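The values are calculated or read from the model by the stated rules, or taken from the named source; none is laboratory data. Note that this is a predicted model, so its numbers are computed, not measured. Note: ideal-geometry Cβ built from the backbone for every residue, glycine included; neighbour counts use all protein chains shown. Heads up: the accessible areas ignore ligands, DNA and RNA and are worked out on the full protein's heavy atoms, side chains in. Shrake-Rupley method; radii C 1.70, N 1.55, O 1.52, S 1.80 Å.
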Amino acid sequence: MNGFKTLIYGKKDHIAYVTLNRPEALNVYNIQMRDDLYQVLSAIKDDPEVRVVIFRGAGEKAFCAGADLNEFLTAPSPVVARQVRFGRDVWNLFLSIPQPLIAAVHGYVLGSGIEIALCCDIRIASEDTKFGLPEVGLGIIPAAGGTQTLPRAVGMAKALEMLLTNRWVSGEEAYRIGLVNQVVSREKLLNTAEEMAKKIASYYPMAVRNAKEAVVRGSDLNLAEGLDLEKRLASQLKIGS
């Protein structure tokens, strides 16, 4: 799968690599990237060879510095914009991917960038990372899940502080508040993500997928319902497979 204008996609040893590739624009998320991501995510979802996915950003300065508001805020009409959104709902597609997703982020992770990272299951950041959600300061609010995913990661109080004051968070603080799983040097970022991905990919794929489903779906259930979900998912696996 090649020929994307805003992404680089590749596979190796059951690991898929998705690189946001607009380094000249700090990998800002635009309409073309939305369409490219939709195609890539759809392919990953249905690809039995892919056991884990690593997301990263090209260039030295940013994983993704937000969305191209000049494009997204100038849709031809509300009706057309709604139709396009339903036809290319990248964010719900992100959340439906059964394989584990790892975000290896560096530099600026702002707006849509932090929302992409929050759609991933595991986040590894370099020491120079800066996280932020500047939308309220621009007279809008996050529209790709940030108001919902951020509180689930860091708690309501810290999420509201970031959302309402546009205070950026460093990699070290992101680790302290639970926004990321690890903080490493820039030189070790990809290797750390790959080591984790290889370990996950070495396990029985259905067990990995079911474990992810149990945690993700169970987080929206009460305990009794979650335990029932876990029991049903566990019963699908054959011991010793």
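At-a-glance table
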{"item": "Region 53-62 - phi-based ³J(HN,Hα) in whole Hz, Karplus 6.51/-1.76/1.60, Gly and Pro as x", "result": "10, 10, 9, 8, x, 6, x, 9, 9, 7"}
{"item": "Helix-only CD estimate at 222 nm, as mean residue ellipticity for the chain, using -39500 (n - 2.57) per DSSP H run (n ≥ 4)", "result": "-13000 deg cm²/dmol"}
{"item": "Only Lys, Arg (+1) and Asp, Glu (-1) charged, at Cβ; the chain dipole about Cα centre in debye", "result": "340 debye"}
{"item": "Tally of Lys pairs whose C-alpha atoms are under 18 Å apart, taken over the chain, 8 or more apart or cross-chain", "result": "17"}
{"item": "Relative contact order (percent, whole number), the chain, Cα cutoff 8 Å, 6+ residue spacing", "result": "17 percent"}
{"item": "Listed residues L150, L227, L20, most fluctuating in the chain (Gaussian network, C-alpha, under 10 Å)", "result": "L227"}
{"item": "Two-site label geometry, L160 and K61: point separation in nm, points 7 Å out along Cα→Cβ", "result": "3.5 nm"}
{"item": "Residue of D35, D47, D220 that the Gaussian network model of the chain assigns the largest fluctuation, springs spanning Cα pairs under 10 Å", "result": "D220"}
{"item": "Cut-off under 5 Å, modelled amide H: who pairs with A62 long-range", "result": "Y108"}
{"item": "Gaussian network model of the chain, springs between alpha carbon atoms under 10 Å - residue of A207, A117, A193 with greatest fluctuation", "result": "A207"}
{"item": "Cα gyration tensor shape of region 191-241, rounded if a/c is under 1.5, else prolate or oblate by comparing a/b with b/c", "result": "oblate"}
{"item": "Rounded tilt (10° steps) of 156-165 against the dominant C-alpha axis of the chain", "result": "20 degrees"}
{"item": "Surface accessible to a 1.4 Å probe, per residue, for the residues of the chain, Å²", "result": "52 Å²"}
{"item": "Label-point separation, K11 to N222 (7 Å along Cα→Cβ), nm", "result": "4.3 nm"}
